[in-house]
1. Kindly indicate whether any position in the range 284-293 is farther than 22 Å from residue 244 by Cβ, in contact with a strand residue (DSSP E or B) (Cβ under 8 Å, 6 or more places away or on another chain) and part of a loop (DSSP other than H, G, I, E, B).
2. Under the condition of being within 12 Å of the ligand (Cβ to nearest atom) and not in a helix (DSSP H, G or I), which residue from the range 302-320 is farthest from residue 363 (Cα to Cα)?
3. Out of (1) away from the ligand (no atom under 12 Å from the Cβ); (2) in contact (Cβ under 8 Å) with a residue 12 or more places away in the chain; (3) more than 26 Å from residue 221 (Cα to Cα), the odd one out for residue 259 is which?
4. At pLDDT 95 or above, in a helix (DSSP H, G or I) and surrounded by fewer than 20 Cβ atoms within 10 Å (Cβ to Cβ): does that describe residue 218?
5. Do you know which of the residues in the range 119-163 that are in a helix (DSSP H, G or I) and touching a strand residue (DSSP E or B) at 6+ places or on another chain (Cβ under 6 Å) is nearest to the ligand (Cβ to nearest atom)?
6. Considering every residue within the range 81-98, establish whether at least one is under 23 Å from residue 136 (Cα atoms), within 16 Å of the ligand (Cβ to nearest atom) and either part of a helix (DSSP H, G or I) or without any contact (Cβ under 8 Å) to a residue 60 or more places away in the chain (or both).
7. Just to be sure before I move on: is residue 99 in contact with a helix residue (DSSP H, G or I) (Cβ under 8 Å, 6 or more places away or on another chain), over 25 Å from residue 359 (Cα atoms) and modelled with pLDDT of 95 or more in the structure I sent?
8. Looking at the range 256-271 only, could you name the residues that are over 13 Å from residue 319 (Cα atoms), touching a helix residue (DSSP H, G or I) at 6+ places or on another chain (Cβ under 7 Å) and surrounded by fewer than 24 Cβ atoms within 10 Å (Cβ to Cβ)?
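The values are calculated or read from the model by the stated rules, or taken from the named source; none is laboratory data. Keep in mind that this is a model prediction, so the values were computed, not measured. All Cβ positions, glycine included, derive from the backbone under ideal geometry; neighbour counts span all protein chains shown.
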Ligand SMILES: Cc1ncc(COP(=O)(O)O)c(C=O)c1O
């Protein structure tokens, strides 16, 4: 049984008395779940690692869900951790790994959060769940709500890629498209949640925020209890970084992990408040007006309290932040496809773009063990990849036509000489 010790405010220490309280009653910040892990001993890590459960629920004791019977699972977690030898050689990184979250049930990292968040909604007895999203969380909340038999209302900016809107609609969500960016729509969404009493699946929900701790647990397991030097995460609101850090803290507190990774906040330069705070040595994350970017899923200029926690986590880890231009992001997306076989949406490839920048600056050393979380599938924003016009020309079904055509579409240097990719 997942043992919740408290719902506490990390800002001021205030503690909730009911388990459906999400915001601090004193300072208004997002509460954090404190798990009681005191029953776990060294032998439990062996039991967990020997389990045949291929989902993040292998780490059930670490998540704030009281009963296994409440778990809503689509098989999330334990995505491949792939050592990208060919891509790593190309980039001068001997130990480059991709944590391939494009393969999560709805194609993005949001399933880590919503598996936990929606399971808890079931326990708390809600019948309607809601989210405001750049698209991935909408599709994910819709799918988990469908599996749980709950109603879902998902709000997205009107400019959201249709693939994500269709994905949410297909699961039966009530999709509400609203004019404006995610930051602009925020106050309206919060008003609607208050008015209708919906279960909120945003990062203002402490239960759902625990889900991305699973990165720490899976990496710890998949690396045979070793901890990589760097974990680079495409960052929007900061939930992933804050949760990963909390996960490693829990493993460390139990004496299971012996060191911490250095965390990197990888953001689009069009919306990089966390990277800017790190770069400028600021104590707080200052909101920015988000500009246009191909990395639409991480276009968040005004993160919640989780942004502040992410800043603290990255600092505590001796990590850093990187703000990437669209051409760097698209180049990383292309390299991932052509040299590692991983098709990511632009936002999901921002981690690799940051790795390339940091390696170029010598911040990451050639021998460092580097994990890039690749967080969203390419099919979610497929139009971000152009198809060369010669590939669209229709070929007559004869070998001469085919030969002629292949001469015009010979592979580029990067996609030639295939070499095998492998597991760690
Ligand atoms: C594809 C993708 N990557 C990364 C993120 C980062 O989210 P966070 O900073 O909340 O972990 C998001 C969500 O907004 C996303 O959709």
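1. yes
2. Ranking the qualifying residues of the range 302-320, first place goes to 304.
3. Result: residue 259 passes all but (3).
4. For residue 218, the condition - at pLDDT 95 or above, in a helix (DSSP H, G or I) and surrounded by fewer than 20 Cβ atoms within 10 Å (Cβ to Cβ) - is not met.
5. Of the residues in the range 119-163, the ones in a helix (DSSP H, G or I) are 119-124, 136-148, 162-163.
Remaining after also requiring touching a strand residue (DSSP E or B) at 6+ places or on another chain (Cβ under 6 Å): 121, 136-138, 141-142, 145.
On the way: 121: 19, 136: 4, 137: 7, 138: 10, 141: 12, 142: 14, 145: 18 Å.
Checked the range 119-163; the qualifying residue nearest to the ligand (Cβ to nearest atom) is 136.
6. no
7. For residue 99, the condition - in contact with a helix residue (DSSP H, G or I) (Cβ under 8 Å, 6 or more places away or on another chain), over 25 Å from residue 359 (Cα atoms) and modelled with pLDDT of 95 or more - is not met.
8. 256, 257
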